[in-house]
Amino acid sequence: MKHSAIGVDFHEGTLRITGCERGLADQLRDDIPVAMDDRDGCIRTDAMHAQRLQRWLDRQSNITVDWQTATQPCLKLNARPSAMTLRSDQQDAVGEFINGGGRGLVQMPTGTGKTVVAIHLMKHFATSTLVVVPVRDLMYQWHDRIASQLGVDAGLIGDGVHRVSPISVTTYDSAAIHMPRIGDRFAMLIFDEVHHLSGPWRRDAARMSTAPIRLGLSATLPTDFDRLSVLGELVGPTLYQQTIREASGQSLAEYTVRRITVKLSAEEQTRYDELSKQIQGFVADQRDQDPSFRWEDTFKLAGSHDEESEVAQRADGALRASRMKKSIEEHAASKQRVLEDLLRLHADEPVIVFTGSNVMARKLSLRFLLPCLLSHCAKKERREYLQGFATGRYPALIANRVLDEGVDLPQVKTAIVLGGMSSGRQAIQRLGRVLRRTDEGRRATLYEIVTEGTKEVMRSRDRRRNDAYRNTPRRQSRDDDHAS
Amino acid sequence: MLRSEHAIVRMNYSRGEVHPDRLNRRTHAHYLQAARQCLHSYANGIGEDRESLHRHIETVLRPLGDCPPRRIASFCKLLDDAGSFDTAAGRSVRLRQRVFEIAADLHPIVSQKDGLFDHDVDASRQRVAAELGMSWRDIEDAFFADVLELQRLKAFDASLTPERLLARYNVAQTQATLYRATRVELSARSDLKRVVRGIKLSGLMHRIEQVHADPPAYRIRLDGPAAVLRGSTRYGVRFAKLLAFLLSCRDWQMRASIRTNDGRPMRMVISDRDGLTGEHEQPDEMDSQWEAEFAKCWVKDPVDGWELRRESQLLSIGQHVFTPDFVLRRRQDGQTIQVELVGFWTPEYLKEKAATLTKFSASASHWLIVVPKSPSSEQQQAMGRLGLSLIAFDKRRRPQQWIETALATNDSEGG
C-alpha cells in the first residue's frame, strides 16, 4: 500500500483534510460524516468531529498526519480550597461526567451549584476552556467565579469585548459568530443552560469547535426527543440528572406560591371588552371564509404583502388589540396598589419584583424609585444594583425577564411576579432564584399578581399544571388566593 | 441595513421564486410624498426621542393604506440609520444611581402616608429633586434617556432625498432577503475585475466556470466552507454585502437559493437591470491613465484579425482568482495573449505581483508583461525572473510588435 501524507487544518469552523487517497477517502466516508469539496480540493468535515477523526487516522497504517490546528496548552490552575468542597450530589455529578468520557449533559436544578461542578471539572481537566452562557450578565459572573476560584483572569468574547485567552467566557450568540475563527483554540467547552444550544443557528457554537471535552449544564433539559438528540450529537448523552424534588430539602428551601387576583377598573374593563370584541369579530370573519382558521394564523396574515392589504390591516389591527389587552392586564392600576401593599408588608426584607416588560419595569422603577434591571442595562450598572441589593444598600429590585436563566441573585425570600411568565421553563428558572438555601430555613414566598377574568388567570393555571410546579412541595390554602 | 425580521417577501410557489418587497414609481407613486414627510419629521425632529419619531412615521405611512407594519418598521430603521442619536451614555446611569441611593431611605414610597410609612410619592420626589438640585420634571426627562427607544435624535443627514430613501428601501429589502440565502450564483460578463474584487472582499468561497468563450461569460457559485456539509444561512450577511458592492458593477446577474420557513427550495434572481441603485460610485472606465494610453495605442493601430479586450478573462486556481488587465484575442482560432501592465513601484507590490504571475503563468499559454518605458532595476529584476515575455511600453511602438513578442518568446520557451 502506498504511503500517504495527510494534512488536517482548521478552516472557518470546519476541518480540511488533504492528501487523502481515494480508497482511504471512501473508508473515511463510511465512518465519519464528511463531504468532498472540489473548491479547494479537500475533504471537509465539521470541526466537532476532530477527536473521532484523529482516532480514526491513528488506526490507519501507511499514513503520516500533519495536524495543523492550534495546540491546546496544559494549564496550571490554582484552585482555592473553598471551590473544592463538594456536596455529595455535586461529587456524583463530577464523577459521572468524568466516567462518561468527558462528553455529556448534567442536569441539576437552579440553586444547586452547577457552577461549582463546572469549576471543579475545569480544574480536573486543566486545559483550555471556553464557557458559553446565555446572557452577558452571566458572562461577567462566570468571569468573577473563575477569578476567585481558579485564580485566572478569563478572557471575554462578547458585549463589545474580544479578549481570547486559554480560559474564556462568551455568550451563545458570540460563540456562534466567532467560532469559525476561535474553534480550534479550546479543548473543553462548557455550555451553561445548554438547552439554548438546540436552536438551529446556535448549533454552530458546538459544531464549529474541535474541543473533545464537552459539558452541557441545565436545570431543565428539553423533554422532546428531537431537541435532546440534537444536544446528544453536539455535546453528549445525559450523564447525570437530579430533579427538583431530589434537590429540595437538601439544597433548596421549600416555598409557597400565593396568587393574588386583582380586578380591572371600570374603564380598563370596558376598553378590554371592546378589544376582545374586535378580536372575536375578526376571527369569526376569517372562520367564515376558512373554517380551519386559527388565531396563530393572524401573524402570517398581518405580515403578508399588500395584495391582500385589507385583510392584512385587519389582522394587524387584531394583533394590536391583543397586545393592548395584555398591556391593560399588565398595567392594571390595581396591580400597582397590590404591589405597594406587598412592599409595605415586606418593607424590612429584600424583595425582587419581576415584570413582563421593560416598559412596566421602568414605570415601577419611577413610581417606587427602586433600581430596575432592564435587558439593555450595561454590565456596570447591573452589577452596581445587584451588589447594592446584596449588601442592603437598595431595599428592593425590579427586574424584567433579563434575570431569567439563573443570573446569580442574592438570597431572597420574597419575590413578586407581575405577568410575563409564560412557560414551564421560565417558571422554573425564576423560582430557582427565590429557592436559595438559607440557614434559618424559613420558607420563600412567591407572589403572583394576576388580573381576574382575563387570560392571565388561565395562563397562571396552565403554569400550575406544569411539572415544574407539581414536583415542587407547595403548601397553599384557599386564603392565599385572594388579597386580604 | 435592515434586520431579518424586517424582511417582506412575496412567494411565487409555481415559479419557485422569492420576490423581495419593492416600491416602484408607478404603483407606489404616492410613497414619494410620504417619504418627503418622513424625512421632514426627522430633519425637524432633532431632540425628539426615537419612540415618538417612530410614531410620526407611523402616522405618515399607516394612512397610505398599503403600508404593512414591517414596511413601516423598515422605514423607521433606515431613517434611524441616516441620523445619529444621543445615547446619554453615563449621564442617565449616574442620575438613576443617585436617585435610587437617596430614595433607598424612603422605601417603601406609598401613595398616601399613614402612621406606619411617612414617605408619599410627591414628598419623596420633592426630596430627591431638592437633594439633586434639579426639578423633578428634568429628572423624569433624563431618567431613562439612555434607553434605546427613548434616545434623542442628535443629527440627521439633510442631503437625503425622498427618491434616495425609497431606493435605499428597495436595496435594503433585497439584502434582507439574502440573509436567508444558502448559496448564490453570479453570472458576470464584462466588468470582471470589479466583480472579482467584490467576491474577494466578501470572504466567500467560489467555484468559477466559463460558460461562454466569446464574448466571455462566467458563472461563479458562492458560499462558505461549511456549505458542503449542509445548507447554512450563516453566510447570508456576506451575500447582502456583496450585493451592495455589485450595484456599482455592470453586467451581472445573481441567483440566490433562499431557505423558506417551510423548507421549500426557492430562488431570488437579481441583476444590474433591476433598477436597484447602490451607494457606491461607479468607478471610471479605466483604472489608470496608463491603461487608457495602452488601449488608445491599440485603437489607433489595431492588428488585423486581433482584438483587445479589457479585463475579460478570469484565471482561477483553487480559491485564487486573477483578472489580467487586457486580453489580446485572435478571432480566427481564439488564440489569446494575457496582458498585464505592471506600473506601480513599491517593492511589496512588485513582490506580490510576481507571486501572482508565477502562480498563474501556467494557466495561460501566452503572456505579455508591459512595464514602463524606462523600468527601474527592481522592476526589471522582478519581472525578468518570471520568464514571461516582457516589453517596455513605448507609444511609438506598433501593437503588431506586442503580439510578435508574446508569441515568439512563449512559443520558444514553452517548446
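None of the figures in this text is laboratory data; all of them are computed from the coordinates on show. All of these numbers come straight from a predicted model, not from anything done at the bench. So basically every Cβ, Gly included, is an ideal-geometry build from the backbone, and we count neighbours across all protein chains shown.
Residue ranges A:204-214, A:227-237, A:43-53 sort as A:204-214, A:43-53, A:227-237 when ordered by packing (mean number of other C-beta atoms within 10 Å per residue, highest first).
With the contact rule set at Cα under 8 Å and sequence spacing of 6 or more, what percent relative contact order holds for chain B? If you can, show how the numbers build up before the last one.
Working: 633 pairs, mean separation 53.5, N = 415.
Answer for chain B is 13 percent.
Here, P(r) means the percent of Cα pairs in each 5 Å bin from 0 to the largest distance; for segment A:311-404 it is 3, 13, 20, 22, 15, 10, 7, 5, 3, 2, 1, 0. Evaluated at q = 0.09 Å⁻¹, a Debye calculation over the C-alpha positions of segment A:1-146 (equal weights, vacuum) places log10 I(q)/I(0) at -0.43.
Were the residues from A:Asp31 through A:Asp226 laid out at 0.36 nm apart, the gain over their Cα-Cα distance would be 67.9 nm.
The calculated P(r) of segment B:119-253, using every Cα pair and 5 Å bins from 0, goes 2, 9, 12, 13, 11, 10, 7, 6, 5, 5, 6, 5, 4, 3, 2, 1, 0, 0 in percent. Sparse packing (at most 14 other Cβ atoms within 10 Å of the Cβ) combined with a DSSP loop state is found for the following chymotrypsin sites (Phe, Trp or Tyr not before Pro) in segment A:278-382: A:Trp295. For segment B:314-327, 3J(HN,Hα) computed residue by residue from phi via the Karplus equation (6.51, -1.76, 1.60; θ = phi - 60°) reads 9, 9, 9, 10, x, 9, 9, 10, 9, 10, x, 4, 9, 10 Hz, glycine and proline entered as x. Take the Cα of B:Arg264, go 7 Å toward its beta carbon, and none of the backbone nitrogen atoms of segment A:261-304 fall under 15 Å from that spot.
Taking loop as defined by DSSP and a crowding limit of 12 other beta carbons within 10 Å, which trypsin sites (Lys or Arg not before Pro) in segment B:311-415 fit? Write down the numbers at each step before the final one.
Details: sites: B:Arg329, B:Arg330, B:Arg331, B:Lys351, B:Lys353, B:Lys359, B:Lys373, B:Arg385, B:Lys395, B:Arg396, B:Arg397; in loops: B:Arg331, B:Lys373, B:Arg385, B:Lys395, B:Arg396, B:Arg397.
Of the trypsin sites (Lys or Arg not before Pro), the ones in loops of segment B:311-415 whose Cβ has at most 12 other Cβ atoms within 10 Å are B:Arg331, B:Lys373, B:Arg385, B:Lys395, B:Arg396.
Taking a straight Cα-Cα cut-off under 17 Å and skipping sequence neighbours fewer than 8 places away in the same chain, the aspartates and glutamates within cross-link reach of B:Lys113 are A:Glu340, A:Asp341, B:Asp105, B:Asp122. Fully extending the segment from A:Asp144 to A:Glu452 would add 106.5 nm, taking 0.36 nm per residue of separation and subtracting the current Cα-Cα distance. Dipole orientation for chain B: of the candidates B:Ala104, B:Ala392, B:Ala364, B:Ala364 has the Cα lying most toward the positive pole (charges on Cβ; Lys, Arg +1; Asp, Glu -1).
The label-point distance for A:Gln289 and B:Arg331, in a model that sets each label 7 Å from Cα toward Cβ, rounds to 6.2 nm. Projected onto planes of every orientation and averaged, the convex hull of the alpha-carbon atoms in the protein assembly as shown covers 47.0 nm². Taking 7 Å steps out from each Cα toward its Cβ at A:Ser276 and A:Asp58 produces label points 6.7 nm apart. Computing FRET efficiency as 1/(1 + (r/R0)^6) for B:Leu116 and A:His162, where r is the C-beta to C-beta distance and R0 is 35 Å, gives about 0.10.
Using 1/(1 + (r/R0)^6) with R0 = 30 angstrom and r between the beta carbons of B:Asp301 and B:Asp214, what's the FRET efficiency to the nearest 0.05? If you can, show how the numbers build up before the last one.
Numbers: r = 23 Å, r/R0 = 0.77.
Once the sixth-power term is evaluated, E becomes 0.85.
The helix-only estimate of mean residue ellipticity at 222 nm for the protein assembly as shown, built from DSSP H runs of length n ≥ 4 each weighted as -39500 (n - 2.57), is -12500 deg cm²/dmol after division by the residue total. For chain B, place one equal point scatterer on every Cα, skip the solvent, and apply the Debye formula. What is log10 of I(q)/I(0) at q = 0.09, 0.12 Å⁻¹? Result of the Debye calculation: -0.76, -1.03. With a 10 Å cut-off around each Cβ of B:103-116, the average count of Cβ atoms from other chains is 5. Peptide packing for A:54-65, A:26-37, A:339-350 was compared via the average number of neighbouring C-beta atoms within 10 Å per residue; ordered from the highest value, the list is A:339-350, A:26-37, A:54-65.
For the protein assembly as shown, give the share of DSSP beta bridges that are antiparallel, in percent and rounded to the nearest 5; count only bridges with both residues there. Intermediate results must be reported in sequence, preceding the final value.
Values: 64 of 127 bridges.
About 50 percent, rounded to the nearest 5.
The modelled label-to-label distance between A:Asp297 and B:Gln97, using points 7 Å beyond Cα along the C-beta direction, is 5.5 nm.
A simple rule links phi to the HN-Hα coupling: the Karplus curve 6.51 cos²θ - 1.76 cosθ + 1.60 with θ = phi - 60°, which for segment A:276-286 gives 4, 5, 4, 5, 4, x, 4, 4, 4, 4, 5 Hz, with x for Gly and Pro. Across segment B:1-82, Cα pairs under 8 Å and at least six residues apart give a relative contact order of 32 percent. Using a cutoff of 8 angstrom between alpha carbon atoms and counting only pairs six or more residues apart, the relative contact order for segment B:90-167 works out to 26 percent.
How shielded is B:216-229 by partner chains, expressed as the average number of their Cβ atoms within 10 Å of its Cβ atoms?
Numbers: counts 0, 0, 0, 0, 0, 1, 0, 1, 4, 13, 12, 5, 11, 10.
Taking the mean over all residues of the peptide, I get 4.
Here is the link list: A:Lys335/A:Lys380; A:Lys363/A:Lys413; B:Lys193/B:Lys353; B:Lys296/B:Lys395; B:Lys300/B:Lys353; B:Lys351/B:Lys395. Which ones come out longer than 19 Å on Cα distance? Violating the 19 Å limit, Cα to Cα: A:Lys335/A:Lys380; A:Lys363/A:Lys413; B:Lys300/B:Lys353; B:Lys351/B:Lys395.
Length available on full extension from B:Ser361 to B:Ala130: 0.36 nm per residue minus the Cα-Cα distance, which gives 75.1 nm. Within straight-line reach of A:Lys277, meaning a Cα separation under 13 Å, sit the following aspartates and glutamates at least 8 residues removed in sequence or on another chain: A:Asp285. Straight-line cross-link partners of A:Lys123 among the lysines, defined as a Cα under 26 Å from its Cα and at least 8 positions apart when in the same chain: A:Lys76, A:Lys114.
Remark: mean inter-chain Cβ contacts per residue of A:363-371 equal 6, using a 10 Å Cβ-Cβ cutoff to other protein chain atoms.
Per the Debye calculation on segment B:1-78 with a single equal scatterer at every Cα and no solvent contribution, log₁₀ I(q)/I(0) for q = 0.12, 0.26 Å⁻¹ amounts to -0.39, -1.33.
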